[in-house]
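K.L.:
Below is the structure I would like to discuss, written out as structure tokens.
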Amino acid sequence: MYKYNNIPIFLKDVKKIVELVKSTLGPKGMDKILLSKNGNFQVTNDGATILKNALFDSLALNIIRDVCNVQDEEIGDGTTSVCCLIGELISEAERLRSIQIHPQLIIKGFRIATKKTLNIIESKSFDYSNDPLRFCLEILNVVRTTLNSKIISPFREHFSRIVVKAVLKLKGSTNINFIKIIKKCGGSLKDSFIEDGYILEKKNGISQPKKIENARILIANTSMDTDKIKIYGAQIRVKTISRLAEIEVAEQKKIFDKCKKIISHKINVFINRQLIYNRHERFFMEHGILTIEQADFEGVERLALATGAEIVSTFDIPSKIKLGKCKIVEEILVGEEPMTRFSGCSNGDMCTIILRGANFQILDEAERSLHDALCVLGQVIRDPRLVWGGGNIEAHIARELENFSKKIPGKTALAIESFSKSIQGIPRIVSKNAGLDSIDLINKIKNAQEEGQEKACLDLNKGDIGKADELGLIESSKLKAQLVISAAEAAEMIIRIDHQFSEKTPEN
């Protein structure tokens, strides 16, 4: 048995979710505290993080959360904008339904408007990839624009250069897994820095060499702790202590045979995910091999990717073992903690970003901010088309869609006009969050663009309009296109719903 609820309840949930998130949009947006049941908390203004952790029993939340996750995975940024645009589209659709316009006509108008919007974005985009110097300057502006609304915005110049340097070190690759971020409490955000090479958060073994050149690295996940007798988990009964000693000697011999097999691969660096006991560590040291024990899984996986190694657990067949290579392995100090740096890795020039901050909440949010900037810049390297930011492209879209709707006959024109109002809702929310007169500013931008000032945009610091090129406000064209596509598809899915059914529990 099933029962159904009227759809207005569903739409109220959508509005409630959007209201929760939209106050975080823009450079002047507010932050949210996410409090867990066990008392832990995090401070963030990232839309995807807020929705992912929100305890709100609603199908609307699941729909919007999935869309924001897709935006986060595809582009890395714009999750809050997607959520706000969905809310604007649903509000406009509800208004159209109140004047007896059928949902199918609304969907048809939104589809036409979406296609037209993508054409406008493409026509207004520009590409400086043929001019390397200009392109480097513009991608620096892209990162600055992305970081404008993040917790690290007061130091965006410092972090922008870190992000650009990190991505350029990938030499054309867009795999940001080659960039590791280490968080260490202490100092302030401006003390963060970038280090060449991959840094593993583990120190070398006791009395190990501090530096190895032309390293041949074996990465393993194998047991090296036979001080405790483990024979397949079995219990062994012995009558004399001498018999127990014989078993221990046999176990030790087995492990030393394993050590000899490891040495036979002519390596000079051995990294193990599990313990390496002191006796075996000393054995490796006597043969000039640097050892690192209990390396974390994620760190080992990335190190294997960087050095070209494969993680192994047995050493019987040398032909099936792939060693990693790098130019230098050395121990360094990060703050006051010793770590190991791998420079000149065989699979590209990796780097590590070390974040410093007053507490773990700031460091976690800074990491999310840097991740967004790295993802956006990776997309720009892949697709170098850019558009002017600060509400410029939204104003162009809204103005051209309004003119386009006048050429469309019938009620579909009203849906296209509503779509244009929804698009300009994004700069309206941004300016409202800054405490400014949003309607006045948006009208000023549209009037300036009609008078030929193509680069007119919001200047939130002055509370007026400015020029996007002078303010350095540039965004990825693909980010804007994906934002519109995701929001339009989610809105269409919600508009199509006319009843919400739920299973009715049978009576006893």
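K.L.:
Given that just one value was derived from the coordinates, which of (1) 96, 47, 39; (2) 71, 52, 39; (3) 96, 75, 42 is Cα extents along the principal axes in Å?
P.N.:
(3)
K.L.:
Which trypsin sites (Lys or Arg not before Pro) in region 408-490 sit in a loop by DSSP (not H, G, I, E or B) and have at most 15 other Cβ atoms within 10 Å of their own Cβ?
P.N.:
Passing sites in region 408-490 are LYS462.
K.L.:
Let me ask something else. Given LYS15/LYS455; LYS16/LYS183; LYS184/LYS260; LYS421/LYS455, which pairs have Cα atoms separated by over 27 Å?
P.N.:
LYS15/LYS455; LYS16/LYS183; LYS184/LYS260
K.L.:
Give the percent of DSSP beta bridges with both residues in the chain that are antiparallel, rounded to the nearest 5.
P.N.:
70
K.L.:
Where does helix 79-98 land angle-wise versus the long Cα axis of the chain, in degrees 0 to 90, nearest 10?
P.N.:
That helix lies at roughly 30 degrees to the long axis.
K.L.:
Now, a different point. Based on DSSP H runs of at least 4 residues, each adding -39500 (n - 2.57), what is the mean residue ellipticity at 222 nm of the chain after dividing by all its residues, to the nearest 500 deg cm²/dmol?
P.N.:
Computed mean residue ellipticity for the chain: -16000 deg cm²/dmol.
K.L.:
What is region 13-170's relative contact order, in percent, from Cα pairs under 8 angstrom and six or more apart in sequence? Intermediate results must be reported in sequence, preceding the final value.
P.N.:
Numbers: 117 pairs, mean separation 31.6, N = 158.
Relative CO of region 13-170 lands at 20 percent.
K.L.:
Shifting gears a bit: Students often forget the sequence filter, so: which lysines lie under 21 Å Cα-Cα from LYS37 once same-chain residues fewer than 8 apart are removed?
P.N.:
Excluding near neighbours in sequence, the set is LYS52.
K.L.:
From the backbone phi of region 430-437, what are the Karplus-calculated ³J(HN,Hα) couplings (6.51 cos²θ - 1.76 cosθ + 1.60, θ = phi - 60°) in whole Hz, Gly and Pro given as x?
P.N.:
Running phi through 6.51 cos²θ - 1.76 cosθ + 1.60 with θ = phi - 60° gives 4, 5, 5, 5, 8, x, 10, 7 Hz.
Each reported figure results from applying straightforward, stated rules to the coordinates on display, with no laboratory input. Only a predicted model underlies this, so the values are computations on that prediction, with no experimental measurement involved. We place every Cβ from the backbone using ideal geometry, glycine too, and count neighbours over all the protein chains shown.
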